[in-house]
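These notes are about the structure you will find just below.
The values are calculated or read from the model by the stated rules, or taken from the named source; none is laboratory data. Being a predicted model, the structure only gives us computed values, none of them experimental. Note that we place each Cβ from the backbone using ideal geometry, even for glycine, and neighbour counts take in every protein chain shown. Side chains are part of the model used for accessible areas, which takes the heavy atoms of the whole protein and leaves out ligands, DNA and RNA. Shrake-Rupley method; radii C 1.70, N 1.55, O 1.52, S 1.80 Å.
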Amino acid sequence: MNQNSIEVRTEARVLFVDMNSFFARCEQQVNYWLRGRPCGVCVYTGKYGCVISLSTEAKALGLKAGSRLNDVMAACPEFIPIESNPTRYREYHVKIINVLKEYCDDVVPKSIDEAIINLNNYKLIHPDPVMVARNIKRDILKKVGDFLECSIGVAPNAFLAKLGSVVGKKKGGLQVIDQHNIDEVLKTLRLGDLPGIGANMSYRLERCGVNTPLQMRHTSPDRLKAIFKSIEGIYWHYRLNFIETNIAAQDYRGMQAMRQISAEKRETEGYIDQLFMTLCLTLEKRMVRHNFYCKAIGFTASYTDGTRWDDAFKVSIPIQDAISLMRMIRKRIAKFEEMTKGDAIMNNRISSMRVGVTNFVDNSNVLYSLFEDVDRNEAARKTMHQIKDKFGQDKLVRAVEMTDGKVIKDVIGFGSVKDLTSMDYARVPRY
């Protein structure tokens, strides 16, 4: 679904739903004794584990997501670390999306804690978008979880609605931005307050005399294009002037799985190999969900000294399974090591690792091997992942998923909904 256009719409009928402190509040939802306490979700709860989501109480103390657990504990000894539970967050995400779909079909999940609702085609059914926003906030608390609060922005396009959800966090969780108040809202903000404008772009805009979001809105599209040095500048003019550029479903031209590696984990025997396997299994699951086979593979290992090793290659027969991914990447690594006689690519100096797949085809375009039943293998993989999703990741385990007798943990990239498809969102009564 792509609803982008160059049509100017000034009526605020697009909603952006942003769940507050989502991972942490999911944990507080299931564990009453965490409520009212500073807590947070960590990738793992070792000394140097990264805190990826903080409760509202922890944020109020000045703690920052992305910090190491030891630093957080030093600043706040009463902080409660919680190990990440990806399955739980996906389940709550699906329930929330189903609540949104009770109001209309035009719902686009943007991440695991964000979604866009376009009411432009539902004017007769929902004449008052602000009332819809209030009802959604009520329904999430009533039907999904009484501790799962959200902030909703209402605006003529998705970007301004997202901005409204950010501004609205301090205003009761609801903010309307339209032609009547947009300049008043923008003049209270800095360039860095706009979602998508980072420090470098703020500096570039300021050097060119555009010092505030309000000035940016009234700067010509051609000048913004020159400042951004790309057509992205025109898109920014569109976003700030009621033209839709941000309602599009997930684009699957490529998929990647990447993880940072802490110093503690780098020293853990076997961890690098285990992580490599986990990344390949993650991509297998995504491709199985979407009936994709890839024809191109990429691998990157970044090291603590700032260097990295990259490789990208195409395959003659499209693949979907993790075992083939691992085998082909390892074969390329071994060939490079043999040719250069240098250090091993997989070593304990790796600070991050990425595996990517692209050039997708579906089953009908796969070249069949004389000795392989592609349909049967794909059906087996799909059935296996369905069983895992329903009963738990450890209830059905292949030998490749075992390391030292332990099942590899499920992982989730913060904000990711790439493991979910429309089949995950149950059909619910409309309106």
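Side notes on the structure shown:
- Sorted on the mean count of surrounding Cβ atoms within 10 Å across their residues, most packed first, peptides 159-166, 352-359, 128-135 read 159-166, 352-359, 128-135.
- Per residue accessible area in Å² of the range 1-103, where ligands, DNA and RNA are left out and the probe is 1.4 Å: 45
- Once C-alpha pairs closer than 8 Å and six or more residues apart are averaged by separation and normalised to the residue number of the range 154-294, the relative contact order reads 20 percent.
- Taken over the Cα atoms of the range 1-155, the convex hull encloses 128 Å³ per residue.
- Calculated translational diffusion coefficient of the range 197-347 (10 °C, 1.306 mPa s; Stokes-Einstein with Kirkwood radius over alpha-carbon pairs) equals 82 µm²/s.
- Surrounding net charge for D343, when Lys and Arg each add one and Asp and Glu each subtract one, Cβ distance under 12 Å: 0
- At most 12 other Cβ within 10 Å, DSSP loop - GluC sites (Glu not before Pro), the range 13-99: E78
- Probe 1.4 Å, accessible area per residue of the range 248-303, Å²: 40
- For the range 169-234, the solvent-accessible area with a 1.4 angstrom probe is 60 square angstrom per residue.
- Options C76, G153, H180, ranked by Cα towards positive dipole end of the range 71-197, top entry (Cβ charges): H180
- Whole-percent carbon and sulfur share, accessible surface of the range 285-369, 1.4 Å: 52
- Whole-angstrom gap from the range 73-145 to the range 220-294, using each part's C-alpha centre: 22
- Of all accessible heavy-atom area on the range 109-209, the percent that carbon and sulfur account for (1.4 Å): 50
- Peptides 302-311, 221-230 ordered by packing proxy, namely the average of other Cβ atoms within 10 Å per residue, highest first: 221-230, 302-311.
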